[in-house]
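The values are calculated or read from the model by the stated rules, or taken from the named source; none is laboratory data. Keep in mind that this is a model prediction, so the values were computed, not measured. Don't worry about glycine lacking a Cβ; one is built from the backbone with ideal geometry, like all the others, and counts go over all protein chains shown.
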Amino acid sequence: MHRKNGDGIYCILTSDAICRQATRPPPTPSPCGDGTNTRTLQNITIHDQQSVCYDAQGTITVAGRRTTFVVEPGGVVNMIAAIKIDLQDGTTVMAGGYLHPGFPPNIAAM
């Protein structure tokens, strides 16, 4: 866990496998949706060969409150938020799945 200015990233490894470098290059954060202020992502499953992007000018909240957000092997998710991406209980990225959170330097462009 890394804390700076109250921010934190928490990860739970659910396998004894060693993480290796992603096979896909990280995308450049850029707006990908309607630029809504806040976005809540609940009870969503991203399947193999599916690629989605979510953005918000404020906060993206993922899972929580007994809901799920699952990225299956081969699924790709990009998230771009100006303030915070809150990955709550119920968020799962399976081995071979890809989740890339981003914070663009030029928020006004969103």
Pick from segment 54-86, criterion among the small types (Gly, Ala, Ser) and not in a strand (DSSP E or B), ranking: farthest from ASN37 (Cα to Cα): GLY74
Verdict on ASP89 being part of a loop (DSSP other than H, G, I, E, B), touching a Lys or Arg at 6+ places or on another chain (Cβ under 9 Å), among the acidic types (Asp, Glu) and in contact (Cβ under 8 Å) with a residue 12 or more places away in the chain: yes
Scope segment 73-92; condition modelled with pLDDT of 95 or more and of a type in the set (D, E, K, R); matching residues: ASP86, ASP89
Segment 59-84, residues that are on the phi < 0 side of the Ramachandran plot and surrounded by fewer than 16 Cβ atoms within 10 Å (Cβ to Cβ): THR59, PRO73, ILE83, LYS84
Residues satisfying the stated conditions in segment 40-53, i.e. part of a strand (DSSP E or B) and either without any contact (Cβ under 8 Å) to a residue 40 or more places away in the chain or over 12 Å from the mean Cα position of the chain (by Cα) (or both): THR40, LEU41, ILE44, THR45, SER51, VAL52, CYS53
Qualifying residues in segment 21-72 (those that are in contact with a Lys or Arg (Cβ under 8 Å, 6 or more places away or on another chain) and among the hydroxyl-bearing types (Ser, Thr, Tyr)) - the one modelled with the highest pLDDT: THR61
Scope segment 93-110; condition touching a Pro at 6+ places or on another chain (Cβ under 6 Å) and either at pLDDT below 95 or surrounded by fewer than 18 Cβ atoms within 10 Å (Cβ to Cβ) (or both); matching residues: MET94, GLY96, HIS100, GLY102, PRO104, MET110
